[in-house]
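The numbers here are math on the coordinates, done by the rules we state, and not lab data. Here the structure is a predicted model, which is why all the values come from computation and not from measurement. All Cβ positions, even for glycine, are placed from backbone atoms using ideal geometry, and neighbour counts span all protein chains on display.
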Amino acid sequence: MEENKKSNKLINIDNEGLGCCLMIGLIVGAILLGNAIKASRADDRIVSVKGLCEREVKADKVICPFAYKVGGDDLQQLYVTIEQKNRIIIDFLKAAGMNEDEITVSAPKVVDTRTEWSGSQNQYNYIITSVVTVCTDKVDTIVELQSQQGELLQKGIATTNNWEYQTVYSFTGLNNIKPEMIEIATKNARETAEKFAADSDSKLGKIKRATQGQFSITDRDSNTPYMKNVRVVTSVDYYLKD
């Protein structure tokens, strides 16, 4: 009988200890759950903003084709004419300061109008297109030469200026200005986020996510294709806190 009482006492003590542990576990679990909910709510409080940076720059490279056509019935004589006209264009470019290695003469493109343009009345049996191309970083010189092609016209060379033979201006110095532009765009994004946070009685926290965005280089306008507009937009998500 005495042994049974002792045994019951031990069972009661064990039950009390177990109950105590369960209670402590529930309290700790509730605290952790509460903290998790608070953290989850804090993660949900974000503001997404964009920052823009634009810069106007001048092209630093140009590819300029000088294309022209000649027509006739004697192929041999046409090739002689092309060689003469190509030399006139090359001399014109060199006189403006172009180097030999900046000038390329393409193989002439010959059209036999009797076979390729059948059914139409053609003045010549052959029409040949020749292209002399200059690739250089002397952008200002090429811009000036564009307005001086009347000199070539006076020497019997009427250059073609269509979609196939357009002058292409490009800007290759993006890597030099990229870090500063990203910095400015990110700063603009932060200023926008700070304004939003102030208007909502909040404070701006750390960055949750940031995307640099794509750089774009476009002509400033159609009249001055050698002037370029460089643009980048960054997207940034900030945490908000009380």
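General observations
- The range 167-242: Rg to Rh, with Rh as the Kirkwood radius over Cα pairs: 1.16
- Taking all Cα pairs closer than 8 Å and separated by 6 or more residues, the relative contact order of the range 61-170 comes to 49 percent.
- For Lys61 and Arg114, the difference between the fully extended length at 0.36 nm per residue and the C-alpha to C-alpha distance is 15.0 nm.
- Rounded to the nearest 20 debye, the dipole magnitude of the range 61-170 is 160 debye, with +1 charges on Lys and Arg beta carbons, -1 on Asp and Glu beta carbons, and the Cα centre as origin.
- With the alpha-carbon atoms of the range 87-202 aligned to their principal axes, the span from lowest to highest coordinate is 81, 41, 23 Å, starting with the largest.
- Relative contact order, percent, the range 95-242 [alpha-carbon distance under 8 Å, six or more residues apart]: 18 percent
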